[in-house]
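What follows draws every value from the coordinates through simple rules; no lab data is involved. Since the model is a prediction, treat every value here as computed from it, not as a measurement. We place every Cβ from the backbone using ideal geometry, glycine too, and count neighbours over all the protein chains shown.
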Amino acid sequence: MSEELKDTIVISGPLIGDHHSQCFDSYRLVYSEKNVMSQDEFNQVAREATAAIVMTSIRVTKELIDSAPKLKVISNFGVGYDNIDVAYARKKGVIATNTPDVLTTSCAELGVALVMATSRRLVEGYRLMERNEFKGWKVDLLLGSELRNKTLGILGCGRIGQSMAGIMSGFGLNLLYHNRSKLNKDIEKELGIRYVDFISLTAQSDILVVAAPLNDDNRHMFTLDTVREMKKRSILINIGRGGIVNEKDLLVALKEGFIGGAGLDVFEDPNDIPSELRYHPKVTLTPHIGSGTEEARDSMSELAVQAVVDVLNGKRPQYEIR
């Protein structure tokens, strides 16, 4: 088969390990091994693609799908898939997949780290040390808050939310959650967690963790009006998707003292994070590293590649998005 006639597989950013090298010898591979492709670059190469592994920063729109008539599978490198028009892909006979399960522990542990860092004001302490302004112990220096006997609320208690609840239960917290549908009673009992409506979740939580994927129902679910209903010393943690929290309203809430702090791993626009948010003393920020462990990213790479292999071999992939 000549090079020109080979089907094209596009990998839009670097993977961990060498999973791709074992599977695609008979295909023309376009692999951005050093950096994630820009949207324009991906749009161009996707036109000839039979399969594509896409990073979550790449948007797969109706127009892109229409421009790629050979496309059979979109393998999303991540669990969230709001970057893909899944409904239109399905309509066009294109299978979309994601990589759940393998990043659950990593994301949950990052959520715990954000809770700890924000409740104990670690960013403020680090900046104090960085400026060489620490002059010795004081009785009231950067007083934080213990977790014991506090209430932790989780919005979106799926795999990651449940894993985080399991870890946080060891701190002696009261656990609440809100989902579109209730968990199985056995799971609730095992985790020691109780279902409440959204209004009760915001009103009762000392720590409120967003671990939900983004959808039309929860976009900008946290506005100024929502945050006003939270406890004044509460903290808001977002490890779900940035679009769930209105960042401008969050800044107003912090400025007015409606809540005590925030910890964010995801943002409305990662390329345009407000400077007031980046430098706010009561905000802990991490650069979308929820799944950023060697174990998780290696497993995600393997799953993303395997989904493409399965579809090209006429098999149903394990994690098809339905």
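What the table shows:
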read-out: Cα centroid separation - the stretch 222-254 against the stretch 1-74, whole Å; value: 37 Å
read-out: Choice from Leu128, Leu250, Leu183 showing the highest fluctuation, given a GNM over the chain with Cα pairs closer than 10 Å; value: Leu128
read-out: Cα-based reach from Lys72 at 15 Å (exclusive), listing aspartates and glutamates while leaving out same-chain residues under 8 positions away; value: Asp7, Glu48, Asp85, Asp310, Glu320
read-out: Quarter of Cα convex hull surface for the stretch 218-280, i.e. mean projection, nm²; value: 3.7 nm²
read-out: Local net charge near Ser291, Cβ-Cβ under 13 Å (Lys/Arg +1, Asp/Glu -1); value: -4
read-out: The stretch 287-305 versus the stretch 82-156: alpha-carbon centroid distance in Å; value: 17 Å
read-out: Förster radius 35 Å - calculated FRET efficiency between Arg194 and Glu109 (Cβ-Cβ, nearest 0.05); value: 0.90
read-out: For the chain, fraction of C-alpha pairs farther apart than 29 Å, in %; value: 43 percent
read-out: FRET efficiency for Lys135 and Gln204, using Cβ-Cβ distance with R0 set to 45 Å, rounded to 0.05; value: 0.70
